[in-house]
Amino acid sequence: GLAKKPGGMPPGQYKKLYNTGQGAYVLSDVLGRHGYHVVRTADAGDSRYVYYRDRSGNLHRAIVSPGSDRLHFSSVPSTLLQELYSRLY
């Protein structure tokens, strides 16, 4: 039952705790701490885009979107995902 869920919360509760704007803010902070330069964030319907430059100067777009039980992050360096999820959940 719920005891097996993270935090013992029912499905959908994490989505209520964090919206995509808050997820984009945390993503921007994590990217900045690892040497990436966040250029801007933008609304994309229910999602948020986070535009950032890597150390080589290449521009990338990460997507923060609502999921069934937590936020979903696309196009984020895999080495940062663990830190991102640990900060949020």
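The values are calculated or read from the model by the stated rules, or taken from the named source; none is laboratory data. What you see is a predicted model; the values in this text were computed from it and never measured. Glycine gets a Cβ as well: all are built from the backbone with ideal geometry, and neighbour counts include every protein chain shown.
Across the stretch 68-79, which residue is modelled with the highest pLDDT among those that are surrounded by 13 or more Cβ atoms within 10 Å (Cβ to Cβ) and more than 10 Å from the chain's Cα centre (by Cα)? It would help to see each step written out before you state the result.
Restricting attention to the stretch 68-79, the residues satisfying the condition of being surrounded by 13 or more Cβ atoms within 10 Å (Cβ to Cβ) are 69-73, 76-77.
Still in the list and also more than 10 Å from the chain's Cα centre (by Cα): 69, 77.
Values: 69: 77, 77: 93.
That would be 77.
What are the pairs, 6+ residues apart or on separate chains, where a residue within the stretch 65-89 that is more than 11 Å from residue 23 (Cβ to Cβ) has its Cβ under 7 Å from a residue that is of a type in the set (Val, Ile, Thr)?
Matching pairs, first to second residue: 74/63; 75/63; 80/30; 83/30.
Of 71, 59, which residue is in contact with a strand residue (DSSP E or B) (Cβ under 8 Å, 6 or more places away or on another chain), within 12 Å of residue 88 (Cβ to Cβ) and of a type in the set (A, V, I, L, M)?
On the way: 59 fails: within 12 Å of residue 88 (Cβ to Cβ).
Answer to the check: 71.
How many residues, within the stretch 33-64, are surrounded by 16 or more Cβ atoms within 10 Å (Cβ to Cβ) and either in a strand (DSSP E or B) or at positive phi (or both)?
Going through the stretch 33-64 one residue at a time, the tally reaches 10.
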